[in-house]
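Please read the structure below before turning to the comments.
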Amino acid sequence: MIIAIDGPAAAGKGTLARKLAEHYGYAHLDTGALYRAVASRVLRAGVAPNDSAGATEEAQLLDAGDLLAPDLRTERVSDIASRVATVPGVRAALLDFQREFARRPPEGQKGAVVEGRDICTVVLPNADKKLFVTASAEVRAERRWKELAAGGATVSRAEVLKSVVERDRRDEERAQSSLRVAPGAFLLDTTKLDIDAAFEAAKAFVSGQN
Ligand code: CDP
């Protein structure tokens, strides 16, 4: 059983995917963390953000330890992740891992919840259940700002909104694997929903009740 979830920056896909995975006893893969880990490597290696060959090389060298990088959730890494994600070589380097995770979830789990931007459209177009989770840019930025502020980051709401809008634009405009709603995907707008309400709606869809 494969549940694929796409959506724009800070839409709450991570929390939703984690809750669904926990509920159904499936493995969870946050593919954004893979792009973030590539970005973190790019920064550490001193590769210029517009050096496509350098970014591709870092993606090819990615290992599990990179997912523990302390800067993974920072705004700087968010920005670089969204830039390296436009490089076709970077996306190609991460593709097999994502597909293999879904085909054979770790620890013999009987399903996987995989979330990102191109999961329903490119990575796992044959997923059993497809969802597109979104919310207004203002609401998404506010949620991300709260998360960053709680972690002690000193960043303004306006800066976070600007970054969210910029990342959305890059995701939507890139030539390959652009962010869009896959045919047949369940559209879940969480602008007016809290996490419990969003989870109930997603669960009802996955269980075939809506
Ligand atoms: O947490 P947030 O929603 O802000 O971002 P994320 O899911 O951690 O993804 C970080 C960046 O990786 C995004 O801004 C996308 O540009 C990119 N990404 C992608 O291109 N394809 C994916 N399947 C997942 C993430």
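Rule-based calculations on the coordinates, nothing more; no lab input. Bear in mind that the values here come from a model prediction, so they are computed numbers and not experimental data. Reconstructed Cβ throughout: ideal geometry from the backbone, glycine too, with neighbour counts over all protein chains shown.
A few notes on this one:
- Ranked by the mean number of other Cβ atoms within 10 Å per residue, highest first, peptides 108-116, 171-179, 8-16, 148-156 order as 8-16, 108-116, 171-179, 148-156.
- Calculated from backbone phi, Karplus (6.51, -1.76, 1.60) coupling profile of the stretch 118-124 in Hz, x at Gly/Pro: 10, 6, 6, 8, 10, 6, 9
- Anchor Lys162: aspartates and glutamates whose Cα lies under 13 Å away (excluding residues fewer than 8 positions away in-chain): Glu75, Asp79, Glu138, Glu142
- For the stretch 113-154, alpha-carbon Rg relative to the globular expectation (2.2 N^0.38 Å, N residues): 1.59
- Cα extents for the stretch 2-198 along the principal axes, largest to smallest and rounded to whole angstrom: 41, 36, 30.
- The ratio of the alpha-carbon radius of gyration of the stretch 104-210 to the globular-protein estimate 2.2 N^0.38 Å is 1.22.
- Take the Cα of Glu147, go 7 Å toward its beta carbon, and the backbone nitrogen atoms of the stretch 50-82 under 18 Å from that spot belong to 67-82.
- Its DSSP H runs of at least 4 residues, each contributing -39,500 (n - 2.57), put the calculated 222 nm mean residue ellipticity of the chain at -16000 deg cm²/dmol, to the nearest 500.
- Förster radius 41 Å - calculated FRET efficiency between Arg180 and Thr154 (Cβ-Cβ, nearest 0.05): 0.75
- Ignoring lysines fewer than eight residues from Lys192 along the same chain, the ones with Cα atoms less than 16 angstrom from its Cα are Lys13.
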